[in-house]
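Asks: Take this structure, written in structure tokens, and hold onto it; I'll ask about it next.
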Ligand SMILES: C[S@@+](CC[C@H](N)C(=O)[O-])C[C@H]1O[C@@H](n2cnc3c(N)ncnc32)[C@H](O)[C@@H]1O
């Protein structure tokens, strides 16, 4: 664990690199204030500017050092008590997204709490109290008493595609996650998707206990879920482009067959086909409407090389002898027992040398990453637990599910491309 002085020096050094770059590139210094030119869609919502690699690394380093420094500045008691505000802050975001408050305000407009409350059919005092809490995170501003204006963060809820859907869903998931301690005590080690924090929460609301059942019965939620996934995929540290760049395609025959299992709209397959002109891709998904939409939206020049197929991955894999069976964000939705079952459905279709390639998180092992770098992995892991008794896995757990399925799977070294949150996990079939 780094000490106070070294963290301060790191912070000073990395901020200087970032500031010098902004200065030399003629870019504005960081601020929360909406500039007159703001209000347009930011094509790269996760970064304010597109930065050279070394400057992006310095910025990341500054975030990490300031996070650790902040924790060192708190007393041990404050470290504990600061958890309460952390949780409450999600409530104001939940309120803002539920009532679409950000959309009611133009980029450079000032509007009274009263006018906003009237537009949302809410009580003025309730709205003021929630927004004033959000303002402590610089989400909205009160430039003069009782008047509300956008900050860059509140405006992002309007201009960044699907961010508001993601925030609404995420704050809802946080609410159901509060049942985790109860669920873990009631059903220790359960792998059933109906014995979860989410199930307890949904039951209280009279909804189906299984998340997947809930999604199936609620088309409106399914659409929102798709939008949230799209937002998550727009994060460059998890985007499919990162996989395409990092995976060594030279290992495959030039005319390889690449099956994107549970591939949704086929983003991964399309990216592979675009960059590798002789690879043929098949996208499989259980959802007929998803496959229909994906077919309609496929760029015309890929029609010969990207096919779509409705398929339920709990049944035997219909594409025999493919070179790659690719799974992105599939295994983390399922417990270990299910993961083994899923791998077994592939076995009758594998040829010698077929590869199972998984593009998901690989949790850091002990001492591998700082607390700051671990946090998002740990949150996602518990989110999957609360959703369906599913999980994120570390390197040992990934190997264990292949070993438990069949010793003919030869597990390969896991690749963790620098700057990406998601890893490449691979096993080769060796009969
Ligand atoms: C978390 S999304 C991942 C989508 C895609 N791989 C990606 O990276 O964006 C899970 C996908 O699995 C699909 N799915 C769920 N159960 C399935 C099943 N039994 N068979 C095939 N696909 C399934 C869903 O329809 C959804 O598109």
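Asks: How many Å³ per residue does the convex hull of the Cα positions in segment 141-283 occupy? Write out the running numbers ahead of the final one.
Replies: Working: hull volume 26.4 nm³, N = 143.
Convex hull of Cα atoms, per residue: 184 Å³.
Asks: OK, next. Fully extended, how many nm does the chain gain between residue 251 and residue 310 (0.36 nm per residue separation, minus their Cα-Cα distance)? Write down the numbers at each step before the final one.
Replies: Working: separation 59, 0.36 × 59 = 21.24 nm, distance 2.84 nm.
Fully extending the segment from residue 251 to residue 310 adds 18.4 nm.
Asks: From the helices alone, meaning DSSP H stretches of at least four residues, give me the mean residue ellipticity at 222 nm for the chain, per-run term -39500 (n - 2.57), in deg cm²/dmol to the nearest 500. All intermediate terms of the calculation are to be shown ahead of the outcome.
Replies: Working: 18 runs with 209 residues, N = 431.
Dividing the helical sum by the residues of the chain leaves -15000 deg cm²/dmol.
Asks: Give me the number: length gained by fully extending residue 218 to residue 378, i.e. 0.36 nm times residue separation minus the C-alpha to C-alpha distance, one decimal in nm. Present the calculation step by step, with values, prior to reporting the outcome.
Replies: On the way: separation 160, 0.36 × 160 = 57.60 nm, distance 2.87 nm.
Length gained between residue 218 and residue 378: 54.7 nm.
Asks: Quick check: the angle from helix 219-233's long axis to the longest principal axis of the chain, C-alpha only, nearest 10 degrees?
Replies: Around 90 degrees separate the two axes.
Asks: Dividing the alpha-carbon radius of gyration of segment 161-234 by 2.2 N^0.38 Å (N being the number of residues), what value is obtained? Walk me through the intermediate numbers first.
Replies: On the way: Rg = 13.2 Å, N = 74, 2.2 N^0.38 = 11.3 Å.
The value comes to 1.17.
Asks: Report the dimensions of segment 1-160 along its three principal axes from the alpha-carbon atoms, largest first, rounded to Å.
Replies: Principal-axis extents of segment 1-160 (Cα, largest first): 51, 43, 25 Å.
Asks: At 0.36 nm per residue, minus the direct Cα-Cα distance, what do residue 186 and residue 302 gain on full extension? Give it in nm, one decimal, please.
Replies: On the way: separation 116, 0.36 × 116 = 41.76 nm, distance 5.06 nm.
This chain segment gains 36.7 nm when fully extended.
Asks: Here's a follow-up. Can you give me the distance in nm between label points at residue 408 and residue 352, each placed 7 Å from the Cα along the Cα-to-Cβ direction?
Replies: Using points 7 Å along Cα→Cβ, the separation is 1.1 nm.
Asks: Let me ask something else about it. Using only Cα atoms, tell me the angle between helix 4-24 and the longest principal axis of the chain; keep it within 0 to 90° and round to the nearest 10.
Replies: It works out to around 90 degrees.
Asks: Taking 7 Å along the Cα-to-C-beta vector as the label spot, tell me the residue 147-residue 23 distance in nanometres, rounded to one decimal.
Replies: 3.5 nm
Asks: Rounded, prolate or oblate for segment 199-262? Axes are the square roots of the Cα gyration tensor eigenvalues, ordered a ≥ b ≥ c, and the cut-off for rounded is a/c under 1.5. Kindly include the intermediate steps, with their values, before the conclusion.
Replies: Values: a/c = 3.49, a/b = 2.46, b/c = 1.42.
In terms of gyration-tensor shape, prolate.
Asks: Separate question: Compute the helix-to-body angle for 83-98: its Cα long axis versus the longest principal axis of the chain, expressed 0 to 90° and rounded to tens.
Replies: 90 degrees
Asks: Let me ask something else about it. Picking from 362, 174, 120, which is most flexible by a Gaussian network model of the chain using Cα springs under 10 Å?
Replies: 120
Asks: Follow-up question, since we're still on this one. Take the Cα atoms of segment 236-429, build their convex hull, and give its volume per residue in Å³.
Replies: Details: hull volume 22.9 nm³, N = 194.
In segment 236-429, the Cα hull volume divided by residue count equals 118 Å³.
Asks: Considering the chain, what Rg and Dmax in Å follow from its alpha-carbon atoms?
Replies: Reported Rg and Dmax, both Å: 23.5, 73.
Asks: Continuing with the same structure: Roughly how many nanometres apart are two label points built 7 Å out from the Cα toward the Cβ at residue 106 and residue 87?
Replies: 4.2 nm
Any read-out appearing in this document is the output of simple, stated calculations on the displayed coordinates, not a laboratory observation. It should be emphasised that the depicted structure is a prediction, and the values quoted were computed from it without experimental measurement. Glycine gets a Cβ as well: all are built from the backbone with ideal geometry, and neighbour counts include every protein chain shown.
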